[in-house]
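These notes concern the structure reproduced below.
The values are calculated or read from the model by the stated rules, or taken from the named source; none is laboratory data. Keep in mind the model is a prediction, meaning the values are calculated, not measured. Don't worry about glycine lacking a Cβ; one is built from the backbone with ideal geometry, like all the others, and counts go over all protein chains shown.
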Amino acid sequence: MEKNKSELNPSLLSPLQLAYVGDAVYELMVRSYLIKKHDMNVNDLHRRAIDFVKAEAQARSYRWIEPDLTKEEMRIFKRGRNAKSLTVAKNAKLIDYKYATGFEALFGYLHLSGQTDRMTELFEKILESELRQI
């Protein structure tokens, strides 16, 4: 029997399930931001999006938002970071990949628990840090 959305408790999902959702949510946030702020062709938009969503960038973004995370958010991040994954990104260092998985788990958790404002707040902080890198 399938659970309906009202029965879903994100805290009970595996960290890799949260990261699975968080990967998509974060990429959608990045793509939405880029399409609103930049007049580029799709290939350029895609290349720019990769700069935000690759493991190294997500690890860097996590470090930027870490001081602002709540205890619960840190718990979710650590569960994702420490999850045993059978795959590793081909162009990422293991530590960056682990941090990226934790980062994605956090965004998945926030999305599934309906904390859209919090996701937006953290994303805006990430944008501030990324814009300083340019």
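State whether one or more residues within segment 48-63 are polar (S, T, N, Q) and touching a helix residue (DSSP H, G or I) at 6+ places or on another chain (Cβ under 9 Å). The answer is yes, given that some residue of segment 48-63 is polar (S, T, N, Q) and touching a helix residue (DSSP H, G or I) at 6+ places or on another chain (Cβ under 9 Å). Would you be able to say whether some residue in segment 64-85 is at pLDDT below 90 and either among the hydrophobic types (A, V, I, L, M, F, W, C) or farther than 24 Å from SER11 by Cα (or both)? There is no residue in segment 64-85 that is at pLDDT below 90 and either among the hydrophobic types (A, V, I, L, M, F, W, C) or farther than 24 Å from SER11 by Cα (or both).
Pairs needed: first member in segment 20-43, surrounded by fewer than 18 Cβ atoms within 10 Å (Cβ to Cβ); second member anywhere, of a type in the set (Asp, Glu); C-beta distance under 6 Å; at least 6 residues apart or different chains. Listed pairs, sorted by first residue: none to list. When restricted to residues that are of a type in the set (A, V, I, L, M, F, W, C), loosely packed, with under 13 Cβ neighbours inside 10 Å and either at pLDDT 90 or above or part of a helix (DSSP H, G or I) (or both), segment 109-134 contains 1. For segment 61-71, does any single residue satisfy the condition of being over 13 Å from the mean Cα position of the chain (by Cα), more than 18 Å from TYR99 (Cβ to Cβ), surrounded by 16 or more Cβ atoms within 10 Å (Cβ to Cβ) and without any contact (Cβ under 8 Å) to a residue 60 or more places away in the chain? No, segment 61-71 has no match at all. Among the residues of segment 73-81, are any of a type outside the set (Phe, Trp, Tyr) and without any contact (Cβ under 8 Å) to a residue 12 or more places away in the chain? Yes, that holds for at least one residue.
Looking only at residues in segment 77-96 that are in a helix (DSSP H, G or I) and either in contact with a Ser or Thr (Cβ under 8 Å, 6 or more places away or on another chain) or among the basic types (Lys, Arg) (or both), the one that is surrounded by the fewest Cβ atoms within 10 Å (Cβ to Cβ) is LYS78. Among the residues of this structure, HIS46 counts as one that is in a helix (DSSP H, G or I), over 15 Å from the mean Cα position of the chain (by Cα) and not aliphatic (A, V, I, L, M).
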